[in-house]
Each structure stands twice: as C-alpha cells, then as structure tokens.
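First comes the structure, then the notes that go with it.
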Amino acid sequence: MRATTPSQDLLRGIWKENPVLIQMLGLCPALAVTNTVKNALAMSAATFFVLTCSSVLISSVKSLIPKEVRISSYILVIATFVTLADMMLQAYAPVQHKELGAFIALIVVNCMILGRQEAFSSRNTVYRSLLDAVGVGIGFTIALVMMGGFREVLGIGTFFDIPLFGPNFEPWVVMVLPAGGFLTLGFIILAMGVFEERKKARQAQAQTQGDAA
C-alpha cells in the first residue's frame, strides 16, 4: 500500500474519496433515510460510531485474528457496535430510531464499513485506522446531510423542522419519496462533475498562459 501521511489518512475520505459521492458506497441508507436532516444526522451518527469503534478494535487485535475467519470476525465486531448504536438511539432519540427502523440494523452489512476494515484497519496502526475512520465518517455525514437538507427543503418546506416558506408553498412530494433520493444524489454528482470540469479548465488555461509568458 502506498505510504500516506496522517493528514492524508484523515482528509481523503472527506472529499477526494468520499464514500457516497465518489466511491458510491453505503447508498442504501443514503437514499432511504435522508428525507429529513434529523434522520440523516441520526444515521450518520450511528454509522460514524460503528465505523470508528470497529476500526480501532480491529486494528488493535488484527494480529490475533486468523486470516481464514477474518471477514466473519469483522462482521461480528461490527454487529456488536451496531447493537450498541441501536440501543443508544432507542434511548436518546426514539423518534429517529422509529423512523430509521431496520436501516440501523443494516449498518452491519454496509460495504463501506466492512471495506475499511479489510482494506485499511486490518493492515495499519490504531492511530492511522482512527484517522481513516474519522475522515470517512465525516465524508459520509457531509453527503447524508447535503441530501437530507436538499430533500427536506423541497419536499417539506423546512430545514431542521424550521419552516422556510409561506403557507402557499406547495411541497415537492417526490423529494421525500425513494425516487427523491436518486434525484438528489444525481443532482449533487452532476454539480460536482461541473465543478471539477471548470476547475480543470481554469488550471489548463492558467498553465497555457504561464507557458506563453
């Protein structure tokens, strides 16, 4: 694996290798539960907790896990922390826990989390694994909150339950339905693509002007 600095371990998951917007991982919760910002934050918090805790634990005991049963061991560790996250949400955020429903339990099979354990935590130190997990967790949170905010504003007319428009506003009901998740993700990826293309065009133009000078 190519050597990276601690700052790269932390920052790459936030934007350059964002799990949802770039790698297209963890799309099930991203599309299903981001109809409001509160739901997006609740799912992000649960996923962040599971990802960081499992990364630290697996990195700590990686030398004790036989290669033949490593995937089963990773899933067992992840499932343990998912159970804890589910219990904490049920205790402290019962409304969000009810709305998220089975998607909390499905964190166990989130390929984003399992993939980080196999590709990174099982091969690196606890410190680097923690940085990697925090970066990926922040990137996942940013993606879900972006989608949740966009869908809530257009689909309900509120942001964090705060009304934004007058009584004559007609909500776009499709935005709070599953189809709205696909539309929102498509719009965000399109905007990112346009931004990157314009950035490359500006860099190419600056390079051309520099060569001419």
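Laboratory data are not the source of any read-out in this text; all were calculated from the coordinates shown. Bear in mind the structure is a predicted one, so any value in this text is a computation, not a measurement. Positions of Cβ are backbone-derived with ideal geometry, glycine not excepted, and every protein chain shown enters the neighbour counts.
Some points to look at:
- Note on Val109 and Met24: the model spin-label points, each 7 Å out from Cα along the C-beta direction, lie 2.0 nm apart.
- Rh by Kirkwood over Cα pairs, then Stokes-Einstein D for segment 129-213 at 0.692 mPa s and 37 °C, µm²/s: 208 µm²/s
- Listed peptides 75-81, 111-117 appear in the order 111-117, 75-81 once ranked by packing, highest mean of other Cβ atoms within 10 Å at the front.
- Between Leu106, Leu11, Leu190, the residue with the greatest mean-square fluctuation in the GNM of the chain (Cα pairs under 10 Å linked by springs) is Leu190.
- In a reduced charge model with +1 at each Lys and Arg Cβ and -1 at each Asp and Glu Cβ, segment 58-155 shows a dipole moment near 300 debye about its Cα centre.
- Evaluated over the chain, the count of Lys pairs having alpha-carbon atoms less than 27 Å apart is 4 (only pairs 8 or more residues apart or interchain).
- Förster radius 35 Å - calculated FRET efficiency between Ala179 and Ser72 (Cβ-Cβ, nearest 0.05): 0.45
- Only helices enter this figure: runs of n ≥ 4 DSSP H residues, each worth -39500 (n - 2.57), summed and divided by the residues of the chain, yield -22500 deg cm²/dmol at 222 nm to the nearest 500.
- Taking Asn39, Asn168, Asn18 in turn, the Gaussian network model of the chain (Cα-Cα springs below 10 Å) assigns the largest fluctuation to Asn168.
- Top of Arg12, Arg202, Arg128 by mean-square fluctuation, Gaussian network on the chain, Cα under 10 Å: Arg202
- Remark: the chain carries a charge dipole of roughly 560 debye about the Cα centre, counting +1 on each Lys and Arg Cβ and -1 on each Asp and Glu Cβ.
- Taking the chain and dividing mean pair separation by its residue count, relative contact order in percent (alpha carbons under 8 Å, at least six apart): 33 percent
- Largest-first principal axis extents of the Cα set of segment 6-212 (Å): 60, 59, 23
- Two-site label geometry, Arg198 and Val145: point separation in nm, points 7 Å out along Cα→Cβ: 2.3 nm
- Projected area averaged over orientations for segment 1-124, convex hull of C-alpha atoms, nm²: 8.0 nm²
- Given charges at Cβ of Lys, Arg, Asp, Glu: segment 6-212 dipole, positive-most of Leu25, Leu76, Val126: Val126
- Axial C-alpha extent at least 30 Å, average Kyte-Doolittle at least -0.5 - helices from the chain (DSSP): 37-61, 70-92, 126-155, 178-212
- Segment 87-147: radius of gyration and largest Cα-Cα distance (Dmax), Å: 13.9, 39
- Selected from Leu64, Leu190, Met87, residue furthest toward positive end of dipole (the chain; charges at beta carbon): Leu64
- Separation between Cα centres of segment 1-23 and segment 135-164, rounded to whole Å: 23 Å
- Lys/Arg +1, Asp/Glu -1 at C-beta; the chain dipole; positive extreme among Val174, Ala105, Ile156: Ala105
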